[in-house]
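Structure first, commentary second.
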Amino acid sequence: MEDIAQAAGISRQGIYLHFKDKDAIFRASMLKTLVDALQAANRILDDGRLALEEKLLRALDEWVGRYAGLIDPEASDLVEQCERVLGDAIRKSRCAFQENLEKVILARSAKKTKGADKRAATIADMLCTCGETWIHSISSRQEFSKKMCDAIHVCCRGL
């Protein structure tokens, strides 16, 4: 708490005027991180100058790739604490991000056939799941980018 107060340029007591307890500080910082990541990913997904695969890669890197190599595979307690303190905020943010991926994939799909929306949803879910899984097992953002690039290429073939 002392480090947070010092970084913010206020006293420890000043922190508690804004936040009830440590959980409230953690919740506020995590919610800000989720909102910022979602906004950054959405800006990328809305960029009409990018090709589909580049758009997906950049958005997924912004959403989850930034954490590659930073989260220890044994840090299950951190995940549990996030779920406890944030409730369903993480799930809601992930759903919003995945829905935006689906829209972009569907919009760029050359085959507007029956079932195209289901295929777009499946691809978006697969890419999100891969990214969220890989950040726990790979050592760098560069490795994440390489693996995600390959996954996107395979998933988007024939769109």
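The values are calculated or read from the model by the stated rules, or taken from the named source; none is laboratory data. Just so it is clear, the structure is predicted and the values come from calculations on it, not from any experiment. Here the Cβ is made from the backbone with ideal geometry for all residues, glycine too, and neighbour counts use every protein chain on show.
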For Glu132, are the conditions met, namely being under 16 Å from the mean Cα position of the chain (by Cα), of a type in the set (Asp, Glu) and surrounded by 14 or more Cβ atoms within 10 Å (Cβ to Cβ)? yes
Filter the range 86-117 down to the residues that are among the hydroxyl-bearing types (Ser, Thr, Tyr) and touching a residue at least 24 places away in the same chain (Cβ under 8 Å), then identify the one that is nearest to Gly69 (Cα to Cα). Ser93
For Glu83, which of the numbered conditions (1) free of Cβ contacts under 8 Å to residues at least 40 places away in the same chain; (2) over 19 Å from Ile25 (Cα atoms); (3) part of a helix (DSSP H, G or I) fails to hold? (2)
Could you tell me whether the range 57-66 includes any residue that is in a loop (DSSP other than H, G, I, E, B) and in contact (Cβ under 8 Å) with a residue 60 or more places away in the chain? yes
Single residue of Ile90, Ile71, Ile105 found to be β-branched (Val, Ile, Thr), under 16 Å from the mean Cα position of the chain (by Cα) and assigned to a helix (DSSP H, G or I): Ile90
Name every residue in the range 145-159 that is modelled with pLDDT of 85 or more and either over 18 Å from Leu45 (Cβ atoms) or exposed (fewer than 14 other Cβ atoms within 10 Å of the Cβ) (or both), in order of residue number. Lys146, Lys147, Asp150, His153, Val154, Arg157
Would it be correct to say that Ala120 is free of Cβ contacts under 8 Å to residues at least 24 places away in the same chain, surrounded by 15 or more Cβ atoms within 10 Å (Cβ to Cβ) and within 24 Å of Arg58 (Cα to Cα)? yes
